[in-house]
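Okay, structure first, notes after.
The values are calculated or read from the model by the stated rules, or taken from the named source; none is laboratory data. No experiment lies behind these values; they were computed from the predicted model shown. Note that each Cβ is placed from the backbone with ideal geometry, even for glycine, and that neighbours are counted across all protein chains shown. What goes into the accessible areas is simple: the full protein's heavy atoms, side chains included, and nothing from ligands, DNA or RNA. Shrake-Rupley method; radii C 1.70, N 1.55, O 1.52, S 1.80 Å.
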Amino acid sequence: MFLPTTRQELDTLGWDKLDVILVTGDSYVDSPFIGVSVVGQVLLKAGYRVGIIAQPDIHSDADIGRLGEPELFWGVTGGSIDSMVANYTAMKKRKKSDDLTPGGRNDRRPNRAVIVYTNLIRRFFKPTRPIVLGGVEASLRRVAHYDFWSDRIRRSILFDAKADILVYGMAEKTIVALAERLVAGGGIEDLRGICTISNEKREGYLELPSYEDVARDKRAFIDMFHTFYRNNDPLTATGLCQRQDTRYLIQNPPAPYLTQEELDEVHGMDFERAQHPFYERQGQVRALETIKFSIATHRGCYGECNFCSIAVHQGRTVRWRSEPSILAEARRLTRYPDFKGYIQDVGGPTANMYGFECQKKLAHGSCEDRRCVYPDICPRLDVDHGRQIALLRKLRKVKGIKKVFVASGIRYDLLLGDEKHGRRYLRDVVAHHVSGQMKIAPEHTEDRVLRRMGKPGRDLLLAFIDLFYRLTRVAGKKQFLTYYLIAAHPGCTERDMRRLKRFASRTLKVSPEQVQIFTPTPSTFSSLMYYTEMDPFTMERIFVEKDPVKKERQKDIVVER
Ligand code: SF4
């Protein structure tokens, strides 16, 4: 069932009021790939009356007021992506298109949507129920952070939005627990996975350097980020507090990860996998083309590329769904009238992290002093593609399915590091799960830049390419690799880009087209490098290209013929 978005739907449901109203910067697509829709459905399943308002008009109460006021709380999210990332290119130019806005034009999501929507609620409902922030924008801006668009350190978004509570990370457990507490009239001080504002520090919590200190001192900002990053694992994290003005941001430890049964339950819910008709009338969203018939098999990532924030939002521990749950979802997909037999993607943040984890991490949490796969694969991570091979084989046999694609990125260091099953996995992917081309993301080819990115060196890339083309020949297919690359990452010079170009044309024999200019998104190590011009692991000073014309030139060195 769609969450209601109009009065008429409330009447049909016989609901005079809603318990929770969710407000989002995307159009409303009911899908397991859309966080606000998952949160809404989880609350609905727990017995709460939930409504949703997508991309409200910010100049009137026409949208924000149409469902009335909730009994328990408002939930506000910028949408599936941070609104500034969604609205601007790496060159800070306004993006024209948007995959989650009706009609594909980027004309509905305000900049800093979380703040704007909170103000909108406060303007028309005064006083009102608690306003709870969630989603990627809130989660990654929960403590003092570098904001590329204003080129400065900003306070926690909870302070800037003047909201009451911020739910961070994957929110299913926290949001239901929060609703229960509010119904019971109990306190929320100890609720995991939330941030709140207090006049005092919290005893037993670690105190981060204050907002004023980190805004003034780049070294203090680096220290702050390390402590923030380390205290992100539910098994080991300590609560954090940070003075922002005269008050404190209080971050409780993260909520426990969902168990496999809980994850299966979330994905077993009856999503419509469609845009709500009210919004569909305004125009279709393009995002559905890729997510409608895709299956998420796991969440979390221990790749920890320095430019990526998945580890901070979803966690460094991979949790995966059971095979029966995934197969049941595949069978459900075959029953949609518009299903043509093709599953667009089976994967997660990294496709080949399904089905294995480090036992030490599962019992005691992530290590503080090393990463699981960088600079090399930790001996305690027992990489094993066996479960994925078995899963893909079973998916291929589901009645009504013609082809299952693996479109999520494959980490080739993991694949090559699995002596037992890595080759067999790639053989199956090449033979059955690729359509003409396979995209991989080396991001660069020069070791000094790759080091700043936290990505494997080019020897592994070459080994993977060799194996891919050998297996492709064996399969008798005409398939090729395409490469995602990044220009102007901290540490990268024009000389590095020229070397990349030379390596691509002489060794890889390609002219890369997929080159993105680095965007410093909130709460990543690469953004920390961009702002401080220091390597946060060695504290060396590094070159950072900040001139937009020169950034563009770095890209052009590779893409111009
Ligand atoms: S022991 Fe190795 S694989 Fe396990 S959490 Fe630590 S670094 Fe990761």
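Does Val383 satisfy being touching a Leu at 6+ places or on another chain (Cβ under 8 Å), open to solvent by less than 20 Å² (accessible area, probe 1.4 Å), more than 16 Å from the ligand (Cβ to nearest atom) and modelled with pLDDT of 95 or more? Answer is no for this residue. For the range 482-514, a tally of residues being free of Cβ contacts under 8 Å to residues at least 40 places away in the same chain and in a helix (DSSP H, G or I) returns 4. Taking the options Leu206, Leu240, name whichever one is in contact (Cβ under 8 Å) with a residue 24 or more places away in the chain, in contact with an Asp or Glu (Cβ under 8 Å, 6 or more places away or on another chain) and more than 30 Å from Leu3 (Cβ to Cβ). Criteria check complete, one pass: Leu240. Candidates Arg181, Arg216, Arg192: the one that is out of contact with any Asp or Glu (no Cβ under 8 Å at 6 or more places or on another chain), under 20 Å from Asp19 (Cα atoms) and basic (Lys, Arg) is Arg181.
Is at least one residue of the range 341-352 on the phi < 0 side of the Ramachandran plot, open to solvent by less than 50 Å² (accessible area, probe 1.4 Å) and within 10 Å of the ligand (Cβ to nearest atom)? There is no residue in the range 341-352 that is on the phi < 0 side of the Ramachandran plot, open to solvent by less than 50 Å² (accessible area, probe 1.4 Å) and within 10 Å of the ligand (Cβ to nearest atom).
I'm trying to understand the selection: among the residues of the range 143-164, which are under 13 Å from Thr77 (Cβ atoms) and touching a residue at least 60 places away in the same chain (Cβ under 8 Å)?
Going residue by residue through the range 143-164, those that are under 13 Å from Thr77 (Cβ atoms) are 157, 161, 163.
Residues satisfying the conditions are Ala161, Ala163.
A residue that is part of a helix (DSSP H, G or I) and at pLDDT 95 or above occurs somewhere in the range 238-260. Confirm whether Ile377 is open to solvent by less than 40 Å² (accessible area, probe 1.4 Å) and at pLDDT 95 or above. The answer is no for Ile377. For Ile410, are the conditions met, namely being more than 16 Å from the ligand (Cβ to nearest atom), β-branched (Val, Ile, Thr) and in a loop (DSSP other than H, G, I, E, B)? For Ile410, the condition - more than 16 Å from the ligand (Cβ to nearest atom), β-branched (Val, Ile, Thr) and in a loop (DSSP other than H, G, I, E, B) - is met.
Of the residues making up the range 38-71, those that are open to solvent by less than 10 Å² (accessible area, probe 1.4 Å) and either part of a loop (DSSP other than H, G, I, E, B) or closer than 20 Å to Gln8 by Cα (or both) are Gly40, Val50, Gly51, Ile52, Ile53, Ala54, Gln55, Pro56, Ile64, Leu67, Pro70. Whenever a residue of the range 394-406 is assigned to a strand (DSSP E or B), its partners that are among the basic types (Lys, Arg), lying with C-beta atoms within less than 8 angstrom and at least six residues away or across chains, give the pairs Val404/Arg396. Residues that are in contact with a Leu (Cβ under 8 Å, 6 or more places away or on another chain), more than 30 Å from Tyr168 (Cβ to Cβ) and open to solvent by 30 Å² or more (accessible area, probe 1.4 Å): does the range 493-508 have at least one? The answer is yes; a qualifying residue exists.
Considering only residues that are touching a Leu at 6+ places or on another chain (Cβ under 9 Å) and either closer than 14 Å to Ile157 by Cα or surrounded by fewer than 18 Cβ atoms within 10 Å (Cβ to Cβ) (or both), which ones fall in the range 234-250?
Within the range 234-250, Leu235, Thr238, Gln242, Arg243, Gln244, Leu249, Ile250 meet the criteria.
Applying the criterion of being among the hydroxyl-bearing types (Ser, Thr, Tyr) and closer than 30 Å to Ile21 by Cα to the residues of the range 195-213, the residue that is surrounded by the most Cβ atoms within 10 Å (Cβ to Cβ) is Thr196.
Could you tell me whether the range 5-16 includes any residue that is on the phi > 0 side of the Ramachandran plot, touching a residue at least 40 places away in the same chain (Cβ under 8 Å) and open to solvent by less than 10 Å² (accessible area, probe 1.4 Å)? Lay out the reasoning, then the answer.
At the first step, the residues of the range 5-16 found to be on the phi > 0 side of the Ramachandran plot are 14.
Retained after the next criterion (residues that are touching a residue at least 40 places away in the same chain (Cβ under 8 Å)): none.
No, because not a single residue in the range 5-16 is on the phi > 0 side of the Ramachandran plot, touching a residue at least 40 places away in the same chain (Cβ under 8 Å) and open to solvent by less than 10 Å² (accessible area, probe 1.4 Å).
One line per residue, one yes/no per condition, for (1) modelled with pLDDT of 95 or more; (2) in contact with a strand residue (DSSP E or B) (Cβ under 7 Å, 6 or more places away or on another chain):
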{"site": "Arg502", "(1), (2)": "yes, no"}
{"site": "Ser523", "(1), (2)": "yes, yes"}
{"site": "Ser527", "(1), (2)": "yes, yes"}
{"site": "Tyr530", "(1), (2)": "yes, no"}
{"site": "Met534", "(1), (2)": "yes, yes"}
{"site": "Thr538", "(1), (2)": "yes, no"}
{"site": "Val544", "(1), (2)": "yes, no"}
{"site": "Pro548", "(1), (2)": "yes, no"}
{"site": "Glu560", "(1), (2)": "no, no"}
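Among the residues of the range 353-367 satisfying the criterion of being open to solvent by 10 Å² or more (accessible area, probe 1.4 Å) and within 6 Å of the ligand (Cβ to nearest atom), which is nearest to Gly386 (Cα to Cα)? It comes out as Cys358.
Against the condition assigned to a helix (DSSP H, G or I), open to solvent by less than 10 Å² (accessible area, probe 1.4 Å) and in contact (Cβ under 8 Å) with a residue 60 or more places away in the chain, how does Ile222 come out, does it pass? Walk me through it before giving the result.
Details: assigned to a helix (DSSP H, G or I): yes; open to solvent by less than 10 Å² (accessible area, probe 1.4 Å): yes; in contact (Cβ under 8 Å) with a residue 60 or more places away in the chain: yes.
Yes.
Among residues of the range 27-37 being of a type outside the set (S, T, N, Q) and in a loop (DSSP other than H, G, I, E, B), the one that is nearest to Asp82 (Cα to Cα) is Ile34.
Only residues that are open to solvent by less than 20 Å² (accessible area, probe 1.4 Å) and among the hydroxyl-bearing types (Ser, Thr, Tyr) were counted across the range 72-118, and they come to 5.
If I filter the range 10-26 for residues that are in contact with a Ser or Thr (Cβ under 6 Å, 6 or more places away or on another chain) and in a loop (DSSP other than H, G, I, E, B), do I get at least one hit?
First, pick out the residues of the range 10-26 that are in contact with a Ser or Thr (Cβ under 6 Å, 6 or more places away or on another chain): 24-26.
Still in the running and in a loop (DSSP other than H, G, I, E, B): 25-26.
Yes: one or more hits.
Checked against the criteria, Val318 counts as in contact with a strand residue (DSSP E or B) (Cβ under 9 Å, 6 or more places away or on another chain), within 15 Å of the ligand (Cβ to nearest atom) and either open to solvent by less than 50 Å² (accessible area, probe 1.4 Å) or not hydroxyl-bearing (Ser, Thr, Tyr) (or both). Take Glu323 and decide whether it is more than 16 Å from the ligand (Cβ to nearest atom), surrounded by fewer than 23 Cβ atoms within 10 Å (Cβ to Cβ), at pLDDT 95 or above and among the charged types (D, E, K, R). In short, yes.
Scoring Val312 on the criteria (1) more than 21 Å from Tyr425 (Cβ to Cβ); (2) open to solvent by 40 Å² or more (accessible area, probe 1.4 Å) leaves a single failure, condition (2). Inside the range 330-340, residues that are open to solvent by less than 20 Å² (accessible area, probe 1.4 Å) and among the basic types (Lys, Arg) make up a count of 0.
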